[in-house]
1. Looking at this structure, is residue 272 within 12 Å of the ligand (Cβ to nearest atom) and surrounded by fewer than 18 Cβ atoms within 10 Å (Cβ to Cβ)?
2. Does the stretch 199-212 include one or more residues that are near the ligand (Cβ under 10 Å from one of its atoms), part of a helix (DSSP H, G or I), under 14 Å from residue 286 (Cβ atoms) and in contact with a strand residue (DSSP E or B) (Cβ under 6 Å, 6 or more places away or on another chain)?
3. Tell me whether the stretch 91-105 contains one or more residues that are in a helix (DSSP H, G or I) and closer than 23 Å to residue 308 by Cβ.
4. I'd like the full set of residues that are closer than 25 Å to residue 402 by Cβ and in contact with a strand residue (DSSP E or B) (Cβ under 6 Å, 6 or more places away or on another chain), limited to the stretch 176-198.
5. Having 1 or more residues that are surrounded by fewer than 22 Cβ atoms within 10 Å (Cβ to Cβ) and away from the ligand (no atom under 16 Å from the Cβ) is the bar; report the helices (runs of 4 or more DSSP H) wholly within the stretch 286-369 that clear it.
6. Return the pairs, sorted by first residue and then second, in which the second residue is in a helix (DSSP H, G or I) and more than 8 Å from the ligand (Cβ to nearest atom), the first residue lies in the stretch 247-259 and is closer than 16 Å to residue 201 by Cβ and in contact (Cβ under 8 Å) with a residue 24 or more places away in the chain, the beta carbons are less than 9 Å apart, and the residues are 6+ apart or on different chains.
Ligand SMILES: C[S@@+](CC[C@H](N)C(=O)[O-])C[C@H]1O[C@@H](n2cnc3c(N)ncnc32)[C@H](O)[C@@H]1O
């Protein structure tokens, strides 16, 4: 998986969905996934240690074997076992066979050194294509905080179908001020109490906020324009509103259907292009537009390796078109929640500023942001909400997100 992510730009989720670890038993599957994410998160540190002992860069597979083993050693893996497994792995490939001796020698040195020097190495940095714009937008202190949050990884947040306090009690989790339930050592999600009955779904606390702010009401017609895998559709459906869920991807729409079935919630599901959707007019619309997903790096440490930022311009254009089209599907006086899980203002704040100039009478509803768990300091100049992974640092952070509630003139 590391070879495909770092060498071919593939995303971990896609590899898993394509069956990359299906032949392993469940415990090994979980271990493979954990080791992959751990290695990606700590790659910069591993490379620093490795570079002390390797003069000429070996082929990618060998580099990845060294990285994987270095991270295992740094996190207390048994030196004999880890080095042995890495040498065996190198021996499996025709080309990589020649590097068995190097793998053995380098890892023996690292086994001695890693437990001592690991924590002295700096927190891994974001790639330049992302770090530059984030420094411009938020400054060095914030970016350091974000990098620390990415390195720390993320807890598991749940959204309750009905009673968050009861869910917190049943799962031993913490009820966050925004209403999500947080678990720091969850184990397997499907083994949590209430999973089979559909009492909750997995959703980061930040990702749960757009629908809380949109506040759908029973009887309202609400469209979720980019719905899959459906966390926000479930929230809309649970509110008692009549939900329509749309997504371009049939495969991802399948996930929405499965989630609705497990939770016993109802929504009308459509596969199609948001820009061609002609239904409505709707009382309220949620537009969780496709974006760089740079707010989710705590959970997706593969993204900085698989992407280089070259698709962001295309995404920004698409987001603007979707925002305009969504407004055309709203009833007069209707409300549009525009959000993206991006840290880049070009995919958030800037869209709202520009939409206000393009659409006469359109306003941002700031009052809707007066919600439990929302710090007024997070509210931006144009009236949106900027969430960052370095917020709630003592409680395990949150995903990066931008959201704003727009009201169409009546
Ligand atoms: C950020 S994700 C949505 C996450 C979802 N709202 C949730 O909470 O689970 C963006 C989604 O937009 C979908 N998408 C991309 N282009 C689209 C289009 N032209 N029309 C509709 N959906 C699109 C993608 O398939 C993806 O599922």
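Coordinate-derived values only; no laboratory data. Keep in mind it's a predicted model, so treat the numbers as computed, not measured. Reconstructed Cβ throughout: ideal geometry from the backbone, glycine too, with neighbour counts over all protein chains shown.
1. So residue 272 fits the description; yes.
2. yes
3. no
4. First, pick out the residues of the stretch 176-198 that are closer than 25 Å to residue 402 by Cβ: 176-182.
Those that are closer than 25 Å to residue 402 by Cβ and in contact with a strand residue (DSSP E or B) (Cβ under 6 Å, 6 or more places away or on another chain): 176, 180, 181, 182.
5. Numbers: elements: 303-306, 312-328, 349-358.
Those helices (runs of 4 or more DSSP H) span 303-306, 349-358.
6. Matching pairs, first to second residue: 256/234; 259/234.
Residue by residue, here is whether (1) touching a helix residue (DSSP H, G or I) at 6+ places or on another chain (Cβ under 7 Å); (2) in contact (Cβ under 8 Å) with a residue 24 or more places away in the chain; (3) under 16 Å from residue 3 (Cβ atoms) holds:
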| residue | (1), (2), (3) |
| --- | --- |
| 53 | yes, yes, no |
| 68 | yes, yes, yes |
| 74 | yes, yes, no |
| 77 | no, no, no |
| 113 | yes, yes, no |
